[in-house]
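Beneath this line is the structure, given in structure tokens, with notes to follow.
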Amino acid sequence: MAIWLRFVIWRLVRLGVVLLVLLFATFMIVRLVPGDPARLAAGFDATPQDVANMRAEMGLDRSLPVQFADYAGHIIKLDLGKSYSSHEPVAAIIGARLQKTTELAAAALALVMLLSVPIGITAAALTREGRHRRGELIFGAVTSVLGAVPEYLAATFLVFIFALKLAWLPVAGSDDWNSIVLPALAVAITPTAHLSRIVRVTTLNVLAQDYIRTARSKQLPRRLLYVRHVLPNVLTAALTIGGLIFASLIGGAVIVENVFAWPGLGTAVVQAVISRDFLVVQAAVLLLGAAVVLVNTIVDLALGALDPRSLVRA
């Protein structure tokens, strides 16, 4: 119990440190923009007085530590400010888009886990002990190609085949339930290819263990062998990598949303960048980064509960 408590406390402390670094990084987004951020936000046709007013509104006329303290204080109070372009509360803009991004990321993550684990285990079962060399070569080639395809390119191909040529699914929007299929597939293709390769290697390592040979010698049915002995070990590795893959899913979702006109945070960030709405960009980046950090912390805690050996290693 003491080891578990120390493990949880350490993970929470590390979470706090990472969130603090993320907070400072998002704070510096505006300060590192080339040129005068106040001039960019006010517009190039703004008068010097308008620029001065914008600089005061953005807090750029104060010292950097004071600016950061003020920024952190507003974030802690969940006060994200108002949009420079629409004058709407940033929290309302983010809240209206957050649900759609969450839906897309959750659907993509479900596809990755549901496809990569059985594909990887099946490939390992078919190619174990040097069997089916040609199948191993085909699996490696296909996953390598799919793993190298950028999300926007995968989205373009999916639109061309399933929306334009076959007319099975809608091109863009989020009105019907089937409108999420193509965006989720576009986001999930690359992580599925990567995780399938990892699951295959992990499965081959598990199948080479002595206790697997013992189970085979006892003529344990193949279904029970894989369900009882192989799958739990593979899921532990898949869960570890899945937490890391979640970051790429978030990044892919931001890109794919703009291809499919999906009304999520990705399209909001692009619109905010174009209109130089820095507060919206800061809030979106902070929220997406915090989501990735929180998911990885939850994965660490789940691994600690599922595999007590990780508590000792930690």
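Laboratory data are not the source of any read-out in this text; all were calculated from the coordinates shown. In this text, all values refer to a predicted model and were calculated from it rather than measured experimentally. Reconstructed Cβ throughout: ideal geometry from the backbone, glycine too, with neighbour counts over all protein chains shown.
Compute the long axis of helix 48-58 from its Cα atoms, compare it with the longest principal axis of the Cα atoms of the chain, and write down the angle in degrees, 0 to 90, nearest 10.
The angle comes out near 40 degrees.
So what's the angle, to the nearest 10 degrees on a 0 to 90 scale, between helix 133-148 and the longest Cα principal axis of the chain?
Between the helix axis and the principal axis of the chain, the angle is about 10 degrees.
Could you pull out every one of the aspartates and glutamates with an alpha carbon less than 19 Å from that of K100, ignoring same-chain neighbours closer than 8 positions?
Excluding near neighbours in sequence, the set is E151, D175, D176, E257.
Would you mind getting me the FRET efficiency between L60 and S275? Use the beta-carbon distance for r and R0 = 30 Å, nearest 0.05.
The value I calculate is 0.95.
Given points 7 Å out from each Cα along the Cα-Cβ axis, report the V17 to L301 separation in nanometres with one decimal.
Each label point is offset 7 Å from its Cα along the Cβ direction, giving 1.9 nm.
If R0 is 51 Å, what FRET efficiency do you get for A2 and L164 from their C-beta distance, rounded to 0.05?
Calculated value: 0.25.
Non-local amide H neighbours of K82 (under 5 Å, H modeled in plane, Pro and chain starts lacking H): which ones?
Amide H to amide H, under 5 Å and 5 or more residues apart or across chains, K82 pairs with V90.
Name the residue, out of V181, V159, V292, whose mean-square fluctuation peaks in a Gaussian network model built on the chain with Cα pairs under 10 Å.
V181
Relative to the longest principal axis of the chain, what angle (0 to 90°, nearest 10) does the C-alpha long axis of helix 265-274 take?
Compared with the principal axis, the helix lies near 40 degrees.
Work out how much length A25 to R133 would gain on full extension: take 0.36 nm times their residue separation and subtract the Cα-Cα distance, in nm to one decimal.
That works out to 34.1 nm of additional length.
Suppose R0 equals 51 Å; then what is the FRET efficiency for T214 and L244 from their Cβ-Cβ distance, rounded to the nearest 0.05?
0.95
Please give the calculated 222 nm ellipticity per residue for the chain, where each DSSP H segment of at least 4 residues contributes -39500 (n - 2.57) and the sum is spread over every residue; nearest 500 deg cm²/dmol?
One gets -24500 deg cm²/dmol as the mean residue ellipticity at 222 nm.
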